[in-house]
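Take a look at the structure below.
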């Protein structure tokens with residue numbers, strides 16, 4: 001097995017274990033048993049458990065960013081719905097890692113994990129602006145978009161743990177939430193109306 005394949009195997013093992021218990025409760029012993037390797041071999045690929053945790057969570061965020069880069073064709077709201085569907089799919093595929101990445105109070109939360117989460121948030125805001133053709137968003141519009149990203153994150157965290165709403169209905173509902181939030185912002189900042197589908 002190549003070094004890269006072994007490393008990916010350890011990351012996959014970590015993500016599997018995150019689905020069974022909180023990441024901070026996963027030990028090196030747990031990982032070497034799951035990945036069927038020796039302790040010395042583990043330390044050949046990762047200098048510490050923290051490094052592996054970060055690599056596993058980075059895999060989740062890379063998946064999110066890759067999906068956000070795959071903009072669909074069509075009207076702006078259709079493109080946003082497609083992007084949100086992509087986020088939902090990645091969050092669902094890496095459920096434990098996604099929850100671990102965003103849930104508050106985890107001991108794995110560090111400046112490193114904050115930085116990778118911020119990359120996804122910033123990319124999400126940029127996607128909305130690119131899809132709608134808004135090149136100079138006002139401070140209030142940017143605040144609105146960042147608040148909506150928080151709504152998406154909170155929704156996915158709740159949905160992944162409860163699944164009381166059909167997955168196929170989430171993207172449309174979340175984009176409708178964005179439209180409603182921007183419409184409210186436009187009442188205070190008329191320039192925000194440029195992001196609305198009707199232009200009103």
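Data table
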| read-out | value |
| --- | --- |
| Subset of region 31-42 [over 11 Å from residue 10 (Cα atoms) and in a helix (DSSP H, G or I)] | 39, 40 |
| Residue within region 179-195 that is closer than 24 Å to residue 97 by Cβ and in contact with a helix residue (DSSP H, G or I) (Cβ under 8 Å, 6 or more places away or on another chain) present | no |
| Residue 11 being buried (at least 19 other Cβ atoms within 10 Å of the Cβ), under 26 Å from residue 166 (Cβ atoms) and modelled with pLDDT of 85 or more | no |
| Any hit, region 106-116, residues being over 25 Å from residue 20 (Cα atoms) and either at pLDDT 85 or above or not in a helix (DSSP H, G or I) (or both) | no |
| Tally of residues being out of contact with any helix residue (DSSP H, G or I) (no Cβ under 6 Å at 6 or more places or on another chain), outside any helix (DSSP H, G or I) and in contact (Cβ under 8 Å) with a residue 40 or more places away in the chain across region 138-169 | 0 |
| Candidate set from region 54-88 (those that are loosely packed, with under 15 Cβ neighbours inside 10 Å, more than 20 Å from residue 8 (Cβ to Cβ) and without any contact (Cβ under 8 Å) to a residue 60 or more places away in the chain); member that is nearest to the chain's Cα centre (by Cα) | 69 |
| Selection count, region 185-200, where residues are without any contact (Cβ under 8 Å) to a residue 24 or more places away in the chain and surrounded by 12 or more Cβ atoms within 10 Å (Cβ to Cβ) | 3 |
| Candidates 24, 51 - the one that is assigned to a helix (DSSP H, G or I), in contact (Cβ under 8 Å) with a residue 60 or more places away in the chain and either at positive phi or surrounded by fewer than 16 Cβ atoms within 10 Å (Cβ to Cβ) (or both) | 24 |
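The values are calculated or read from the model by the stated rules, or taken from the named source; none is laboratory data. Note that the structure is predicted; figures quoted are calculated from it, not measured. Please note: Cβ atoms are built from the backbone with ideal geometry, for glycine as well, and neighbour counts cover all protein chains shown.
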